[in-house]
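Structure record follows, encoded as structure tokens.
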Protein chains: 2
Amino acid sequence: MNGAESLVRTLKAGGVDVCFTNPGTSEMHFVAALDRVDGVRCVLCLFEGVATGAADGYARMADKPASTLLHLGPGLGNGIANLHNAKKARSPMVNIVGEHATYHVKYDAPLTADIEGTARPYSNWVKTAKTAAGIADDTVEAIVAARTAPGGIATLIAPADTTWEEGAGIAETPAIPERAKVDDKAIAEVARILKSGETAVILLGDKAVRAAPLEAAARIAEKTGARILGETSNARMERGAGRVAIERLPYPVDQALAVLADVKHLILIGSRDPVAFFAYPGKPSRIAPEGCNIVTLATPADDQGEALERLAQAVGANRTLTIPGRERPGLPTGALTPETIGAVIGALLPENAIVCDEGVTTGRKFFPLTHAAGPMDWLQLSGGAIGVGIPMATGAAVACPDRKVVSLQADGSAMYTVQGLWTQAREKLDVVTLIFSNRSYNILRGELANVGANNPGPKALNMLSLADPDIGWVNLARGLGVEAMRAETAEELADKFKACLKAKGPHLIEVVM
Amino acid sequence: MNGAESLVRTLKAGGVDVCFTNPGTSEMHFVAALDRVDGVRCVLCLFEGVATGAADGYARMADKPASTLLHLGPGLGNGIANLHNAKKARSPMVNIVGEHATYHVKYDAPLTADIEGTARPYSNWVKTAKTAAGIADDTVEAIVAARTAPGGIATLIAPADTTWEEGAGIAETPAIPERAKVDDKAIAEVARILKSGETAVILLGDKAVRAAPLEAAARIAEKTGARILGETSNARMERGAGRVAIERLPYPVDQALAVLADVKHLILIGSRDPVAFFAYPGKPSRIAPEGCNIVTLATPADDQGEALERLAQAVGANRTLTIPGRERPGLPTGALTPETIGAVIGALLPENAIVCDEGVTTGRKFFPLTHAAGPMDWLQLSGGAIGVGIPMATGAAVACPDRKVVSLQADGSAMYTVQGLWTQAREKLDVVTLIFSNRSYNILRGELANVGANNPGPKALNMLSLADPDIGWVNLARGLGVEAMRAETAEELADKFKACLKAKGPHLIEVVM
């Protein structure tokens, strides 16, 4: 078997059996090998940012990596923004990036670029294969790098001759090391703090916002009076009906500062010492107040759920948690606003949905309105690089074909990777996309004032407007093969959302605000 | 004035008065400054690859740089593929990339990334501004780096506080050094070769394919019997009626090898020693035959037109060139094929058009069919990173508002940067786009065999197919605000192309193959 086939077979043997592809000439042997290897699902994307964002969504839901297949430096470049998001989400991913044959690189052909240099800022592991005989071993290294906690982006660059020359067969992926256990002293110290009666917040991130760790955290809070809080952005939170409801640290810096203002102890479990998303003149970069005692109990590489369980034992939080029944909001009427849209979603979201939330300004109100819906998984933009929503929904639907995916999508952000709708259509993925059509980069209107650029004139405001012309989302989606419709009132949105949830396959509703 | 305003005023004073933007929070002071500075045209793009591709198209037609405004590492990442193309085209460009405030970077906020590392592989010059007082001087350095021959990509990273703190006013851009003149000895040596009667090809690239240098080259060829040939891909060739008609080195490696098979001397003027676009098993990387004498007369940094004039004098090619009248093809009938499409274009292309050619496999036949049309400028994909066509047409139309831009566009390539249609609509740019809808990455079907991956199976072929679902280009374009229609026969294409050429503003025709 040639190098390409040994690469594909090694991926599959290592549990990486989905590939989001956008190939070119240098990747043709990889593509050809797919026909000789059963059990690898290949999903074509029409733009590389869709491939990397889909691999992120897949990893979040499958808890294992997909691979991507990308064409040289520029193809990898197109995937960078969503690699950035995936890296910040600690999603495992194995990128296979084609390269010119080893002997051809020195001729500086038109597509030649520094691929390792391109990959490095957005990868946890980068390697260029040297030979076809060695590429299976390289692939194993990539899988191990991607899957070792806390999860990372592994980029394997495959020169064309390392795919077409004779390979060495399949290499076996070794067992992945378990997550580290937090030591007893750390547990005891945090237990002491929590029992002291001083104001404490437990900030939960990463795997600590899955259902079981959240329940342990809630028991600890109930017992000790500590508050629990999620990070502003979470790769995957298990929430909704029957689950612990928590609030998140707000995005706006002033609100975030207010939430933590009086905190004496901040306990980090899977989370980071919180910082402002951006710097603002006269505002601090760090969110925790001066003098706050910040203790990292468990990093994202640690076993966060186990740490929370032991901490619960240490503080004597043994009582089974009663999660109160919550009431869904009633169906609203009238104009479409963040509040009425959130209420429609909160009222109708089905059980076991996967929600991909790139709602940006429109979406800020959705969280409290959806505590009673579900239960569901809630996936957010993690690295701030807008354009993850449509691809993430695509990948999540590939990972979980039996679940409904609801994609909550700001219009400006949607335009970065709108090509992902076509992949949803081709793969007949069960995704309902709500486009929040406010025809502006609305977040930036606020940010102008926040950074002290007040009284913007017409030229500045024009750079934040998506009107003139309005984007016709129904046409756009239909052009990409997705059934689409418009809703202009809350009643219309409720009717159409219901119908789309009942139907199978990709649908899009333009929510006109 | 703050740093942002001193940056914008310095750009304008240095002749950089167009900015293709996709800003975020860290760029808000730049955006706000636009209202305080007259005479800077700001063009909003909904994706950064549109901004960088448009700046490339602008630079090719204006022969001076535009600026781009990009948001942090991921925003720059989205622009990489078309930066790659622009760098290979030697288009001057000044990228302004926002960054967190200098003191905020260390906190590793969600959008933090290694921006310099991201920029370096795709820039000729990279710098991070340190202070608001110094940013005007940094801007001058960037302009000089971009404009100094052969032209380059300058990336200035602007931390937010270097834009909002007090700046030092406007810095003056010095005179840009003239292009170097080729030395007499080199001219004499090439003249000797050309007069020797041995088989010689003059390979023209860069500025040597503008009208005047081409005429000098044609006189030399007429006098000496040397052949003249263009590079496979050219940033901007001045061609068509009343101008010298030359052929280009073919893209397929076997055809390219055949064209140069018997050549004893290969004279490079603005061109590079030709290499195969990709490596193919058993085929050479270099196109010139073994033992061929390769002489670089003028590099892209040199004054190529002046070198050709002196060479013409040296070989005694003084006779004024008579450029023969040529006949446009007749309007074809029947099915839409590369040949009939090329004939329609050749028959109807108006005088003084700017043609942006990302026709890929469909477009390979267009060149000979359009020798009689025009005169026109013909712009090609220069770095092989598909997705330049729509943005390039956008930028060319901004540079030349009084000229008709005709965008010849393969369907697969169009999908990478389709968002550019919206910018054409917003700016009411006079662009007619022909989408060659063959519903496949057709070039890769050939490349599978070329790299020795024969007998592809259904999974491989599915990765090269854009069918299922077909992309509805009329819907897609309308959704982005561009008038659109379909043509299914050569007659229909001729009628609709005529109508679009007559109308003003952006139009798109889906050419169904």
Failed item in (1) free of Cβ contacts under 8 Å to residues at least 12 places away in the same chain; (2) within 27 Å of the chain's Cα centre (by Cα), with A:Ile435 passing the rest: (1)
Residue check, B:Thr52 farther than 16 Å from B:Ala129 by Cβ, polar (S, T, N, Q), free of Cβ contacts under 8 Å to residues at least 60 places away in the same chain and open to solvent by less than 10 Å² (accessible area, probe 1.4 Å): no
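Quick grid of which residues meet (1) modelled with pLDDT of 95 or more; (2) touching a strand residue (DSSP E or B) at 6+ places or on another chain (Cβ under 6 Å); (3) in a loop (DSSP other than H, G, I, E, B):
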{"residue": "B:Ala396", "(1), (2), (3)": "yes, yes, no"}
{"residue": "B:Gln409", "(1), (2), (3)": "yes, yes, no"}
{"residue": "B:Val418", "(1), (2), (3)": "yes, no, yes"}
{"residue": "B:Leu421", "(1), (2), (3)": "yes, no, no"}
{"residue": "B:Lys428", "(1), (2), (3)": "yes, no, yes"}
{"residue": "B:Gly446", "(1), (2), (3)": "no, no, no"}
Subset of the range B:460-513 that is within 14 Å of chain A (Cβ to nearest Cβ) and among the acidic types (Asp, Glu) - its residue that is surrounded by the most Cβ atoms within 10 Å (Cβ to Cβ): B:Glu510
Scan of the range B:295-307 for residues that are open to solvent by less than 50 Å² (accessible area, probe 1.4 Å) and either at pLDDT below 95 or within 20 Å of B:Lys264 (Cα to Cα) (or both), ordered by number: B:Val295, B:Leu297, B:Ala298
Residue in the range A:100-122 that is nearest to the other protein chains (Cβ to nearest Cβ), counting only those that are crowded, with 24+ Cβ neighbours inside 10 Å and hydroxyl-bearing (Ser, Thr, Tyr): A:Thr118
The listed residue being over 30 Å from A:Ala54 (Cα atoms), in contact with a Gly (Cβ under 9 Å, 6 or more places away or on another chain) and crowded, with 20+ Cβ neighbours inside 10 Å, out of A:Leu260, A:Leu194, A:Leu204, A:Leu214: A:Leu194
Residue under evaluation A:Asp17, criteria (1) within 10 Å of another protein chain (Cβ to nearest Cβ); (2) out of contact with any helix residue (DSSP H, G or I) (no Cβ under 6 Å at 6 or more places or on another chain); (3) open to solvent by 10 Å² or more (accessible area, probe 1.4 Å), criterion not met: (1)
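Let's see how each residue does on (1) in a loop (DSSP other than H, G, I, E, B); (2) at pLDDT 95 or above; (3) among the charged types (D, E, K, R):
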{"site": "A:Ala317", "(1), (2), (3)": "yes, yes, no"}
{"site": "A:Thr320", "(1), (2), (3)": "yes, no, no"}
{"site": "A:Gly325", "(1), (2), (3)": "yes, no, no"}
{"site": "A:Gly330", "(1), (2), (3)": "yes, yes, no"}
{"site": "A:Thr333", "(1), (2), (3)": "yes, yes, no"}
{"site": "A:Leu336", "(1), (2), (3)": "yes, yes, no"}
{"site": "A:Ala347", "(1), (2), (3)": "no, yes, no"}
Residue match in the range B:89-96 (condition: modelled with pLDDT of 95 or more, under 23 Å from B:Glu141 (Cβ atoms) and at the interface with another protein chain (Cβ under 9 Å from one of its Cβ atoms)): no
Any hit, the range B:446-459, residues being in contact (Cβ under 8 Å) with a residue 24 or more places away in the chain, more than 8 Å from chain A (Cβ to nearest Cβ) and open to solvent by 10 Å² or more (accessible area, probe 1.4 Å): yes
Any hit, the range A:80-88, residues being free of Cβ contacts under 8 Å to residues at least 60 places away in the same chain, within 25 Å of A:Leu44 (Cα to Cα) and more than 8 Å from chain B (Cβ to nearest Cβ): no
Residue in the range A:163-183 that is farthest from A:Pro300 (Cα to Cα), counting only those that are without any contact (Cβ under 8 Å) to a residue 40 or more places away in the chain and surrounded by fewer than 16 Cβ atoms within 10 Å (Cβ to Cβ): A:Pro174
Those residues of the range B:137-162 which are away from every other protein chain (no Cβ under 14 Å), open to solvent by less than 10 Å² (accessible area, probe 1.4 Å) and not polar (S, T, N, Q), in sequence order: B:Ala142, B:Ile143, B:Ala146, B:Gly152, B:Ala154, B:Leu156
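The values are calculated or read from the model by the stated rules, or taken from the named source; none is laboratory data. All values reported here derive from a predicted model rather than from experimental measurement. Every residue, glycine among them, receives a Cβ derived from its backbone with ideal geometry; neighbour counts consider all protein chains shown. All accessible areas refer to the heavy atoms of the entire protein, side chains included, with ligands and DNA or RNA removed. Shrake-Rupley method; radii C 1.70, N 1.55, O 1.52, S 1.80 Å.
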